Amino acid sequence: MDIWDWVFRLENDLEEAGHEHASKLIEQLTTEILEMNIGKAEALIPEAIALSRSLKNPWLEVFFRHWEMRNRIGNKSEGESVLAEVVSLFEFAHRDETITCPQTVCVTQDLSACYANIDGPAWVEERKAVCNETFERIDPSWSCFHCLSCEYADALLDEGKPEEALDYLKAQGEKITTFGEEVSEAIRTFEVHALLRLNQPEKALAILEKCEAEVDGYDWPVSKQDRHILKAHTLALLGRVDESWEILPAWNDVAPRYYLSWVRTVNALLNKEPEKNTWSLGSAIQAVLTHFVEVGAHRRCIEVAEVQIKLALARGSVWTAKKALVIAHEALPKLRAPLGADKLLAALSTEVEHHSAQASLPVPAEALLAWLNDQASQNEEAGRNPEQELELLMLAVEERPNDEQLIDITVSALQACSATKEAEALLWRYIENNHEQESDLAYQLLGLLIRGNKLAELERLANYYTDTQPTIALWCRIQQAYHQSNYDEAKQRCLEMYEIVPSYLGAPRVLVAIAVQEDNFAEAEKWQQIIVDKITDDSTSDVWDLLTYSCANQNWFLARSIAKQLEITLESTGGVINEDWGWIRVEVVEENEKIEYLARCTGPVTAVIKEPAHPSKQQRVDDKVVFDAAQLAPVPEDEEERKYFIPLYRMVKTLKQGNFGRTWFVDGVYPGEEMFKAFEDIIDAKGWRIWVNSNQNYQVTDQFDLDETPLPAVFFSITAPKSVSSAEIHQLLEEVTADWVHPVHWLRLAEEVGVSIDEHQEIITRYGL
């Protein structure tokens with residue numbers, strides 16, 4: 001059974017009922033989660049659930065809440081932090097009005113996966129029982145059969161039975177193939193997990209290479225990243241370390257769902273190449289550890305802490321090892337059952353204690369920074385090692401808790417080692433004792449609190465300085481109001497700050513940012529002009545911003561003056577800047593989604609969008625827009641790639657809408673250059689727009705042709721001004737294509753017009769469109 005059938009039917013029903021946004025949201029949310037765009041998915045969830053409730057559709061609510069769990073339990077590897085929500089969902093999914101929804105099977109898996117994240121080995125029996133109970137409700141034709149098979153195998157792996165897990169997966173695969181279905185890549189990758197536990201990397205690699213070879217079409221990141229990390233682990237075990245490092249994703253690119261697998265792979269690599277055991281890898285592993293603490297994945301905390309402790313001791317960092325040991329001990333009582341974790345930590349404690357010789361400062365505390373700089377200059381090739389310096393820095397800080405420069409360097413070292421919590425604590429302690437005087441450390445703490453989304457604590461920071469350093473307190477409250485989107489308060493406080501310290505550009509910059517958010521470009525231009533008048537360095541980025549805001553405000557006289565200042569040559573001498581500067585791409589943010597359109601650049605920061613929008617998106621053809629001058633994509637280094645590179649910019653404002661209606665797709669056999677050119681001429685003469693979406697390699701096959709000779713095909717979009725009805729577009733297409741040798745279809749347009757769609761469906765079937 002295809003568990004998505006009811007979802008597809010629902011999407012069609014929603015579109016027919018005029019709820020296109022709801023239909024689009026289903027696809028958008030699932031896509032973001034499969035792309036592992038965690039933040040984007042989180043932004044969509046509240047709207048999706050609210051929408052399902054407004055439509056009074058409990059099945060849709062089960063669907064959306066299950067996919068929320070896929071994002072949180074899957075992509076983010078959340079454990080105890082999401083347990084209450086997943087239990088609530090489980091209860092909701094088993095009510096009378098929802099129990100028959102196919103997605104309830106997935107919700108059962110969500111609960112099992114949550115327990116696995118919290119403490120997999122201690123919940124093995126319950127996880128297996130839940131899977132077996134659910135198997136009684138489905139058969140191998142369900143896609144859920146694959147997921148639950150993986151869930152059961154994962155429980156066996158947590159139980160320490162990799163051979164049994166491998167046998168189980170093979171048996172499940174035989175059931176699937178017997179039922180006429182194909183074994184999913186997910187099952188095969190769990191076979192790889194089992195083989196790696198059994199130290200059979202050759203067999204694991206064979207499976208992974210087969211999976212790679214069978215990728216057909218788009219390779220979803222959720223599968224691709226899993227495959228790459230597993231292959232890197234497999235190659236490491238085979239001693240092919242260079243290949244392993246090459247394919248292993250960079251730490252910043254790894255999603256939390258693969259953190260543990262990534263750490264295991266790095267550990268395997270460092271066992272082969274201990275000389276690559278660096279503080280930067282330790283910092284990445286510490287970040288993994290911190291994440292698992294935050295989401296309540298207690299057993300994983302202990303496993304990662306074990307790796308961190310052993311690697312830290314191997315590179316001589318007792319401080320890092322002790323920190324990881326503390327985290328592991330804090331996780332221990334949160335496990336459902338120790339299952340040997342207590343003995344492991346006892347052994348690790350002994351090992352750490354063995355390495356914990358009392359460190360001492362090589363020079364007096366007040367001379368430490370100079371000594372560290374001298375050591376670094378003597379060994380420039382190796383570079384600074386914040387992890388090794390940290391122990392000495394912390395000793396010096398204990399002696400000199402009010403030394404601002406020493407605290408500053410120590411905080412930087414802590415942050416480099418992913419010890420943000422300790423960095424914050426050190427800054428708080430300093431500020432509590434030294435808030436009578438102005439210090440850059442207050443702004444450092446402010447930045448940490450904002451990045452950590454601890455906006456409520458900004459008031460505490462402000463309170464320390466209210467009486468002694470009111471401008472610091474005021475800046476804290478400006479930042480708090482701004483980041484909480486309380487723009488009226490932020491503007492009021494910024495004006496107060498500007499009056500007190502007119503030379504400080506922080507307040508004007510916030511006022512510019514607020515004006516842009518509120519689409520008030522006259523205000524943005526005013527404050528940006530003040531910034532430009534006050535800047536003293538040679539940077540031109542502020543001048544470019546002023547050019548952008550003046551164009552957005554349609555102050556063309558000022559825009560031309562700034563262009564001259566930037567030594568930009570314009571062909572025209574007055575009025576609106578409207579020239580032809582070639583093709584660019586413009587990124588538009590629409591409902592938390594970034595969409596790129598091809599556009600003709602008409603000036604330094606202006607363009608006209610030429611590419612029609614997808615039928616589900618807001619139409620932007622012929623929209624005149626202003627964009628930010630900073631390129632979003634780097635220019636390729638390769639000379640050949642640069643020939644085809646089209647720069648990408650972020651849209652700032654729509655100056656004038658093109659006033660075009662919905663896009664309609666047309667698909668079928670290409671009628672030939674002459675006939676298609678004649679068709680394009682007709683469209684141009686009417687002032688409509690046509691856009692070819694397919695490339696020259698697009699081909700279809702006529703099922704009526706016994707030889708099945710491939711035919712060149714074309715897939716294009718057509719759109720007309722809003723004043724033109726869909727019936728007029730339909731009629732023109734019928735007239736123009738009547739003489740084409742092969743018919744083409746425009747199914748959605750025909751549905752919209754209300755004519756018979758039988759002919760269009762026959763064309764789709766005949767040509768496999």
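Read-outs: derived from the displayed coordinates by stated rules, not from any lab. No experiment lies behind these values; they were computed from the predicted model shown. In this analysis, Cβ positions are derived from the backbone assuming ideal geometry, glycine residues included, and neighbour counts consider all displayed protein chains.
Points to keep in mind about this one:
- Annotation for F8 and A727: the two label points, set 7 Å from Cα along the Cα-Cβ direction, are 3.3 nm apart.
- Equivalent ellipsoid of segment 277-352: semi-axes from √(5λ) of the C-alpha gyration tensor, largest first, are 20, 15, 8 Å.
- The local environment of Q703, defined by Cβ-Cβ distances under 13 Å, has a net charge of -4 under the rule Lys, Arg +1 and Asp, Glu -1.
- Charges were assigned to the Cβ only: +1 to each Lys and Arg, -1 to each Asp and Glu. The resulting dipole of the chain about its Cα centre is roughly 1360 debye.
- For segment 539-659, size of Cβ-based charge dipole, Lys and Arg +1, Asp and Glu -1, in debye: 520 debye
- Considering only N75, A341, I577, the residue lying farthest towards the positive end of the dipole of the chain is A341, judged by Cα position with unit charges set on Cβ.
- Residue exposure sequence - I99, I729, I26, I595 - by fewest surrounding Cβ within 10 Å: I99, I595, I26, I729
- Calculated from backbone phi, Karplus (6.51, -1.76, 1.60) coupling profile of segment 473-488 in Hz, x at Gly/Pro: 4, 5, 5, 4, 6, 4, 5, 4, 5, 5, 6, 9, 6, 8, 5, 4
- Principal axes of segment 138-226: Cα extent on each, largest first, Å: 34, 29, 21
- Other residues with beta-carbon under 15 Å from the beta-carbon of S723 carry, at +1 per Lys or Arg and -1 per Asp or Glu, a net charge of +2.
- If R0 is 25 Å, the Cβ-Cβ spacing of A630 and E438 corresponds to a FRET efficiency of close to 0.15.
- Neighbour cut-off at most 16 other Cβ (10 Å), DSSP loop, chymotrypsin sites (Phe, Trp or Tyr not before Pro), segment 130-186: F179
- Coil-residue GluC sites (Glu not before Pro) of segment 1-100, DSSP, other Cβ within 10 Å capped at 14: E97
- Note on F92, F8: ascending count of other Cβ atoms within 10 Å places them as F8, F92, the fewest first.
- Calculated FRET efficiency for the pair N486/S88, C-beta based, R₀ 35 Å, to 0.05: 0.65
- Across segment 539-659, C-alpha contacts under 8 Å between residues 6 or more apart give a mean separation that, scaled by the residue count, equals a relative contact order of 22 percent.
- Residue by residue, segment 493-499 carries 3J(HN,Hα) couplings of 6, 5, 5, 5, 5, 5, 5 Hz when phi is fed to the Karplus relation 6.51 cos²θ - 1.76 cosθ + 1.60 (θ = phi - 60°); x denotes Gly or Pro.
- Sequentially through segment 618-635, phi angles give Karplus couplings (6.51, -1.76, 1.60; θ = phi - 60°) of 5, 6, 10, 4, 6, 5, 9, 10, 10, 10, 6, 6, 6, 5, 8, 10, x, 5 Hz, Gly and Pro residues having no value and appearing as x.
- When segment 630-718 is described by a simple charge dipole with +1 on each Lys and Arg Cβ and -1 on each Asp and Glu Cβ, the residue from L632, V666, N695 located farthest towards its positive end is L632.
- Dipole moment magnitude, nearest 20 debye, segment 690-769 about Cα centre, only Lys, Arg, Asp, Glu C-beta charged: 400 debye
- Ascending count of other beta-carbon atoms within 10 Å, so fewest first, for S694, S360: S360, S694
- Residue-span extension gain [N132 to E735] - 0.36 nm each, minus C-alpha spacing: 211.1 nm
- Distance between modelled label sites at Y504 and H355, nm, 7 Å Cα→Cβ extension: 4.5 nm
- Note on the chain: antiparallel DSSP beta bridges, both residues inside, total approximately 90 percent of the bridges counted.
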